[in-house]
1. Considering segment A:84-93 alone, what residues qualify as being in contact (Cβ under 8 Å) with a residue 24 or more places away in the chain and surrounded by 15 or more Cβ atoms within 10 Å (Cβ to Cβ)?
2. Which of the following residues is in contact with a His (Cβ under 7 Å, 6 or more places away or on another chain), away from every other protein chain (no Cβ under 13 Å), more than 28 Å from B:Asp103 (Cβ to Cβ) and not acidic (Asp, Glu): A:Val57, A:Val21?
3. Hey, any hits in segment A:67-79 for a residue that's open to solvent by less than 10 Å² (accessible area, probe 1.4 Å) and on the phi > 0 side of the Ramachandran plot?
4. Would you confirm whether any residue within segment B:351-359 is of a type in the set (Val, Ile, Thr), part of a helix (DSSP H, G or I) and either surrounded by 15 or more Cβ atoms within 10 Å (Cβ to Cβ) or in contact with a strand residue (DSSP E or B) (Cβ under 8 Å, 6 or more places away or on another chain) (or both)?
5. Could you list, in sequence order, the residues of segment B:283-311 that are outside any loop (DSSP other than H, G, I, E, B), among the hydrophobic types (A, V, I, L, M, F, W, C) and touching a helix residue (DSSP H, G or I) at 6+ places or on another chain (Cβ under 6 Å)?
6. Assuming A:Asp127 fulfils every condition listed in (1) closer than 29 Å to B:Glu91 by Cβ; (2) facing chain B (nearest Cβ under 9 Å) apart from one, which condition is it?
7. Just need a number here: residues in segment A:112-122 that are touching a strand residue (DSSP E or B) at 6+ places or on another chain (Cβ under 6 Å) and more than 8 Å from chain B (Cβ to nearest Cβ).
8. Condition first: over 30 Å from the mean Cα position of the chain (by Cα), in contact (Cβ under 8 Å) with a residue 24 or more places away in the chain and open to solvent by 30 Å² or more (accessible area, probe 1.4 Å). Now tell me which residues in segment A:387-408 satisfy that.
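The values are calculated or read from the model by the stated rules, or taken from the named source; none is laboratory data. The structure displayed is predicted, hence computed values, not measured ones. Note that we place each Cβ from the backbone using ideal geometry, even for glycine, and neighbour counts take in every protein chain shown. Each accessible area value is taken on the protein alone, full model and side chains, heavy atoms only, with ligands, DNA and RNA left out. Shrake-Rupley method; radii C 1.70, N 1.55, O 1.52, S 1.80 Å.
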Protein chains: 2
Amino acid sequence: MRLSRYFMPVLKETPADAQIVSHRYMLRAGMIKQTAAGIYSWLPLGLKVLRNIERIVNEEQERAGHVPILMSTIQPADLWRESGRYDDYGEEMLRVRDRHDRDMLYGPTNEEAVTDIFRAHVNSYKDLPLTLYQIQWKFRDEIRPRFGVMRGREFFMKDGYNFDLTKEDALHAYNRHLVSYLRTYERMGLKAIPMRADGGPIGGDYTHEFLVLAETGESEVFYDAEVTDLTFGDREVDYDSVEECEAVLKEFTSRYARTDETHDEALFNEIPEERRRSARGIEVGQIFYFGTKYSESMGATVVNADQEQVPVHMGSHGIGVSRLLGAIIEASHDDKGIIWPEGVTPFHVGIVNLKQGDDEADAACDALYKAFVSAGLEPLYDDRKERAGGKFATMDLIGLPWRITVGPRGLKNGVVELTSRKTGESVEVAPEEAVAKVKAIYEAL
Amino acid sequence: MRLSRYFMPVLKETPADAQIVSHRYMLRAGMIKQTAAGIYSWLPLGLKVLRNIERIVNEEQERAGHVPILMSTIQPADLWRESGRYDDYGEEMLRVRDRHDRDMLYGPTNEEAVTDIFRAHVNSYKDLPLTLYQIQWKFRDEIRPRFGVMRGREFFMKDGYNFDLTKEDALHAYNRHLVSYLRTYERMGLKAIPMRADGGPIGGDYTHEFLVLAETGESEVFYDAEVTDLTFGDREVDYDSVEECEAVLKEFTSRYARTDETHDEALFNEIPEERRRSARGIEVGQIFYFGTKYSESMGATVVNADQEQVPVHMGSHGIGVSRLLGAIIEASHDDKGIIWPEGVTPFHVGIVNLKQGDDEADAACDALYKAFVSAGLEPLYDDRKERAGGKFATMDLIGLPWRITVGPRGLKNGVVELTSRKTGESVEVAPEEAVAKVKAIYEAL
């Protein structure tokens, strides 16, 4: 993309009402625009990152054998009356009345809607196990929306639901989700720690939250320092293997790691003192097993091998897709701006032309641009007639991991400058070598 | 995808309440499930087609140089009060009151929201031309939703908005959209005819609707038979060229083609009688130029070269993404089921194993499956233990363009059967030749 043809309205000043760094940088980099309190429109740069996160979540869900669907945002109240949650949910549910005076609502979560799909179509244990998921807009009418996309009212979330014949099968689904979530977050450059949590309004005895450590996190967390050393890495796990998934769960959840809701001071104090940590964390996902809570109230049963009608065992599993943009920025930035991990960056590389209008510099930038596109990468080329300082500041703010600087002086020596956003280190290399280096970095992901 | 691990709840019986063929087949093929009147959830097979259509629309929008954004579904009423449409829009607008008693609404279209984004960030003619578009869920509270996704209440639509300094520039944007829409529909296997239409509540003197001819269409249309001979084909058009875009517009809109809203009997009768046609059509898109209607009422101005503040010239341009599934099926089916055009098919090829459990047949199907995946294609493998008749009926219903039938008898002679859904014709070929043939068909798209 050439910046002159793009829409990236960068702000020079820091917006007064943005309290945390991710909110500030998302506004300043022209990624989002507030529509109303807690409701945002996504501008091109923000949308690109949102789509990248969505793509990673989709790829990892499909790798785990989960099947994508898409439920409507507007749902009839009657479905929620069946589960009893229409009255329980309180003011966070956005209630709507349609022109025929029917009670409707904007789905804040979708246990009822997905159970309705399941019971309409699945009758036999032979069609299990089944996990359906979606990535769809949701609405929760938070009383005090704040922190930009971190606690918005309209938000984009992956919600998945497993349907299993037995509790054991459903716990395998639970473990499988935990494994796939570990992979998912690592691909985004995040360390998200599974912590024992509280069921809340969804219910359930088995539940883990995934938390990213950050000073601005809304939750207080307590953990054994050893949990931060664990990484999933590039291990291959067979998602159909009960043993392999359970082993990962044990490895990642056997040490103490809890949010304040479930924190147990006595247990915590059994950890050697030098390993005890308390910090703040941002919740980026949660998994639940809640058994037959919805299948019993809504009549989602299957015939088992003995020809008996039995309610299915269910769980639900969420990843906060739009919230993740905030969490990633909170975890990866400096005082100049965002530092995108390569897995989610909106553009793979930035090209800065130090002397726009200079034939040789323009030609070198055009050639680099074409070379990146041919390599299957997306460059952002700052082809505006701006001072070098302004161009650098913009590139630092929007946080592309790699920048190539092209100027007449370097070109005389046959070189351009390749700079890492993270370390700030630069190397002078021939243009084709710069392309090869950047290409190799992304291919290794 | 293996059918045994998929969720494709095919119905044996025709749903009683579905009046038109696309609605019947979408329900029978397990593509959608009704949530409430005019509101659908998308099951896996339907979602795949929806995503394919979305991808084509995105690719053609980006080819035309339009920039993707994503606006919120819930918007403040105040924005719509600025343009005067909050009161004008009537009962089709889904109005919501949030917990703080603020008037909100579920966007039925987004001229106000996009103008708000524009005026907040663009001040100079130097940042024009600019066209922003999104593909997002919308809600119109139709009094009588019907025909499945063809006239739903919650629907998925591409809406794009051009911002230009002058009327001439905005008319070029209009023409550019017409060109890109012609390409878009043809890639989906559709012949969509631009017809002169009525501005309706969006307003505007220049507007064309794109109509697909089908008996079940909601609009009566009148046209010169010669318009159906026009095809865009694989011509290269420079979207920046005023002349090239205008030439395409002239070629495709100079013959008589109008909906009943703008039909002019006297003009129509000037066409030679043998070329006069009246028929029914399904509207799948519309383009508008409406000048400064929103920019004046909402204060979307830029500074021009003479340092004057002038309101920008705008247009809006829509493609009914979810509705297109219905339109494509109406235009392409037979009495056995859907016939997907290759451009949008949910899976590229179906594999039917005539004798599931037979070692040789299973191995041959597995090998075919892997070969297609390696070729970058998505096969749907019916690996269920069902009778051949049932498997064929399902494949015909869901309408994949190509089917490969694998059975012990053929394998003895080293062949499988490759069948075209459209023509019903079969050829016996070696498995690797079947893969090569199907691969070549999709590569030629």
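1. A:Arg85, A:Tyr89, A:Met93
2. Checking each option against the conditions leaves just A:Val21.
3. no
4. No.
5. Correct list: B:Val284, B:Ile287, B:Phe288, B:Met298, B:Val302.
6. All conditions are met except number (1).
7. Result for segment A:112-122: 2.
8. Those that are over 30 Å from the mean Cα position of the chain (by Cα), in contact (Cβ under 8 Å) with a residue 24 or more places away in the chain and open to solvent by 30 Å² or more (accessible area, probe 1.4 Å): A:Ala388, A:Pro408.
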